[in-house]
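The block underneath contains the structure these notes are about, expressed in structure tokens.
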Amino acid sequence: METIYNKLNTACLFHDVNQWDEEITKMMCTIYFGFINAKYNWIIKSFTEDDIKEVAKSQHEKWLFDYKKWGYLSHWIKAVYEWLNENWYSCNLSRTKDDIKVIDWLERWYSVWLWIKVDAAKFYQDKQDGKLDKDNYEDYKWNDGHATNLIIWTSRWTFSSSSDWKEMFLDSYFTKSSTYECDINEVLEDIDMTTKYIIH
């Protein structure tokens, strides 16, 4: 795994896919979040849900993905990473358990992959207004897993938007608001799993 040192992400490209628009994709957050990360971080210019389904099918044929259940996150991260290197450009995958490094990546405007454990009903209901409203994210914690991304937004270097420097989730539910504000420190303290990833 290679580490980014001083590079800045100047792309910050949003996606337009929705994990919940088809029954077959509803359990594919662990594949969606890798593609979303790669586009935001300018590894790929675009991707389609057919690309995601191709990775899922390949993993299913290896008995590493079940369309009705979850599996090992590490398998899916590796699958997306290998697909990107085979079909686009050579890229790097870095991981860390150090939250200081995670903040450093975010402050250089990279999207960071992570896995959260929450009470899904409570968490997704609260985000409907575009923001997680609870002060203590322990209140969201439960055993529903979800793969997603974190960002600190900047309006592509112009710093002219009222949203600049807002801390957000970059999620895979495009038609249900794929971005919603959060407190990143609360995420890292209370609802995330230890290891974080970044494609660069």
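The values are calculated or read from the model by the stated rules, or taken from the named source; none is laboratory data. Only a predicted model underlies this, so the values are computations on that prediction, with no experimental measurement involved. Glycine also receives a Cβ, built like all others from the backbone with ideal geometry; neighbour counts cover every protein chain displayed.
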**OP:** Name the one entry in Ile77, Ile103 that is touching a strand residue (DSSP E or B) at 6+ places or on another chain (Cβ under 8 Å) and surrounded by 13 or more Cβ atoms within 10 Å (Cβ to Cβ).
**Re:** Ile77
Subject >> All positions within region 80-98 that are touching a strand residue (DSSP E or B) at 6+ places or on another chain (Cβ under 6 Å) and farther than 14 Å from Gly34 by Cα >> reply: Thr96
**OP:** Give the residue that is nearest to Arg108 (Cα to Cα), with candidates limited to residues of region 25-51 that are in a helix (DSSP H, G or I) and aromatic (Phe, Trp, Tyr).
**Re:** Tyr40
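Return a yes/no flag: does region 52-60 have any residue that is in contact with a helix residue (DSSP H, G or I) (Cβ under 8 Å, 6 or more places away or on another chain) and outside any helix (DSSP H, G or I).
no
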Original post:
Hey, Ala121 hits all of (1) surrounded by fewer than 17 Cβ atoms within 10 Å (Cβ to Cβ); (2) closer than 16 Å to Ile44 by Cα; (3) among the small types (Gly, Ala, Ser) but one; which does it fall short on?
Top reply: (2)
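The rows are residues; the columns are (1) outside any loop (DSSP other than H, G, I, E, B); (2) at positive phi; (3) modelled with pLDDT of 90 or more; (4) not small (Gly, Ala, Ser).
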{"residue": "Trp113", "(1), (2), (3), (4)": "yes, no, yes, yes"}
{"residue": "Ile116", "(1), (2), (3), (4)": "yes, no, yes, yes"}
{"residue": "Tyr124", "(1), (2), (3), (4)": "yes, no, no, yes"}
{"residue": "Lys127", "(1), (2), (3), (4)": "yes, no, yes, yes"}
{"residue": "Lys134", "(1), (2), (3), (4)": "no, no, yes, yes"}
{"residue": "Glu138", "(1), (2), (3), (4)": "yes, no, yes, yes"}
{"residue": "Arg156", "(1), (2), (3), (4)": "no, yes, no, yes"}
{"residue": "Asp164", "(1), (2), (3), (4)": "no, no, no, yes"}
{"residue": "Glu186", "(1), (2), (3), (4)": "yes, no, yes, yes"}
**OP:** Within region 84-110, track down each residue that is within 17 Å of the chain's Cα centre (by Cα), of a type in the set (Val, Ile, Thr) and not in a strand (DSSP E or B).
**Re:** Val102, Ile103
Original post:
Do we find a residue being in contact (Cβ under 8 Å) with a residue 24 or more places away in the chain, more than 14 Å from Ile198 (Cβ to Cβ), in contact with an Asp or Glu (Cβ under 7 Å, 6 or more places away or on another chain) and among the aliphatic types (A, V, I, L, M) anywhere in region 48-60?
Top reply: no
